[in-house]
Amino acid sequence: LARLFLDRIKQSDLNAFIHVDENLTLQQAAESDARIAKNDTTPLTGIPIAHKDIFVTRGWRSTAGSKMLANYASPFDATVVQQFRTAGMVTLGKLNCDEFAMGSSNENSFFGPVKNPWDRNAIPGGSSGGSAAAIAARLAPAATATDTGGSIRQPASLCGVTGIKPTYGRVSRFGMIAFASSLDQGGPMAQTAEDCGLLLNAMTGFDPRDSTSLELPAEDFTRDLNNKLQGLKIGIPREYFGKGLAPDVEQAVRAALAEYEKLGATLVDISLPKTELSIPVYYVIAPAEASSNLSRFDGVRYGHRAKEYKDLGDMYRKSRAEGFGDEVKRRILVGAYVLSHGYYDAYYLQAQKIRRLIAQDFQNAFTQCDVIMGPVSPTVAWDLGDKTDDPVANYLADIFTLSTSLAGLPGMSIPCGFGQGDKNGKRPVGLQIIGNYFEEAKLLNVAHQYQ
Ligand code: GLN
């Protein structure tokens, strides 16, 4: 199985992988074979998986899609990587992503953009663009991804695969290269909700090495897959169907909602009034945390170091100027600004207050419905290069995913059809399903009944 996928990866021109090492993979496959021979297995033993290059791995380089870490070799595995090894999964390699997971199109990667397998002129989405493209093109049956403001759900949607962002704190952040720590959450991508459930079973659980890890009893996330949806109340947020939503996306999403009605669910009109504010709030809080997290890349401890410099200060400046790309620098500047004396109250503190109100909107909504549904992305995948000169246009495309992240809620994307694309034919559309805290099993159930 590992050989099959390695061969496909070798033949692929999508640029989904940053680092592959066939010998390491085949060695792990042999170890899993030995376990299978001894009947020492889990449902995942011997199944290949590829990791977003935000999770550090021993053996494979760990780059975060950045020149800063282009040659970085981690001395340890991220908890998630370790958990999948313990389950017997075989690592295929490291997946391309936006630099430090900052982006919505995978065009911010130092290693170049990833192509959308459905249409090679289109972006795959981001920041987990390599993960989504690899699953869609069958280069891997399973992948890890991370979601800070939509980076699991949006690329899954644009590439027509299934992905779930768990409740914040479900998945360990230990060894997940930090972007915005109060938002970052790892999760799986695969073909189906059922596969995502099996992967979640292995990748969740308390980790004492992550201070925000949740201490909860172990769960089987596949337990409810076959529950019927009779009587399910689906909240439809008005704000997710307003102006800015492309007609082809709306049509595919509404068709999926009609299917849910046939499955016995009822649609309930709800409101998430602060939806629009999620963009300015997120783009204050995430850069603030990023500016702090990325201060560790100083050319001393690890990562890129400038070749020539006059003194220590010059070395810091040059190393960071050379090592970080434009989007990362933009966020460090914004973050340092909103945290600075005199601006902290006006921007950062204000954003934190609205963040709380956004979370409250969801709690009000969940008194009227069991799950919330809507689009993931306001449009299908756009053309490569279309928005590279316009960071704000990229930020606006995050409108339907940011609030879930700010509230720490679980959310997923499942394929629900195709839009017309801009000019190049059909591109996938994803349906977003949002649940209350800890309701991943319910989300997977709702997704599975449709699939
Ligand atoms: N597109 C958002 C950003 O650029 C979200 C990225 C993410 O979830 N990692 O920050």
Give me the pairs, please: first residue somewhere in the range 212-231 and part of a loop (DSSP other than H, G, I, E, B), second residue anywhere and among the basic types (Lys, Arg), beta-carbon distance under 9 Å, and either six or more positions apart or on two chains.
212/173; 213/170; 213/173; 214/170; 216/170; 224/442; 227/442
Quick test of your reading of the structure: residue 125 fulfils all but one of (1) assigned to a loop (DSSP other than H, G, I, E, B); (2) more than 16 Å from the ligand (Cβ to nearest atom); (3) at pLDDT 95 or above. Name the failing condition by number.
(2)
Is it true that residue 30 is touching a residue at least 60 places away in the same chain (Cβ under 8 Å) and either over 23 Å from residue 210 (Cβ atoms) or among the small types (Gly, Ala, Ser) (or both)?
no
I'd like to verify a number: residues in the range 180-194 that are more than 16 Å from residue 95 (Cβ to Cβ) and either without any contact (Cβ under 8 Å) to a residue 40 or more places away in the chain or surrounded by 20 or more Cβ atoms within 10 Å (Cβ to Cβ) (or both), how many?
5
Just wondering, is there one or more residues in the range 383-392 that are outside any loop (DSSP other than H, G, I, E, B), modelled with pLDDT under 95, within 16 Å of the ligand (Cβ to nearest atom) and not aliphatic (A, V, I, L, M)?
yes
Could you run through the range 63-88 and say how many residues are assigned to a loop (DSSP other than H, G, I, E, B) and surrounded by 24 or more Cβ atoms within 10 Å (Cβ to Cβ)?
5
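When you scan the range 148-186, how many residues do you find that are among the polar types (S, T, N, Q) and more than 30 Å from residue 417 (Cα to Cα)?
Let us first name the residues in the range 148-186 that are among the polar types (S, T, N, Q), namely 148, 151, 154, 157, 162, 167, 172, 181-182, 185.
When the remaining residues are screened for being more than 30 Å from residue 417 (Cα to Cα), the result is 172, 181-182.
Matching residues across the range 148-186 total 3.
Just a yes or no: is a residue in the range 371-382 buried (at least 21 other Cβ atoms within 10 Å of the Cβ), of a type outside the set (A, V, I, L, M), within 13 Å of the ligand (Cβ to nearest atom) and under 27 Å from residue 266 (Cβ atoms)? Spell out how you get there, then give the answer.
Of the residues in the range 371-382, the ones buried (at least 21 other Cβ atoms within 10 Å of the Cβ) are 371-377, 380-382.
Checking the rest, the ones that are also of a type outside the set (A, V, I, L, M) come to 374-375, 377, 382.
Okay, now just the ones that are also within 13 Å of the ligand (Cβ to nearest atom), so 377.
Within this subset, residues satisfying the condition of being under 27 Å from residue 266 (Cβ atoms) are 377.
Yes.
The values are calculated or read from the model by the stated rules, or taken from the named source; none is laboratory data. Because the structure is predicted, anything quoted here is derived from the model rather than measured. Every residue, glycine as well, gets a Cβ built from its backbone with ideal geometry; the counts of neighbours run over all protein chains shown.
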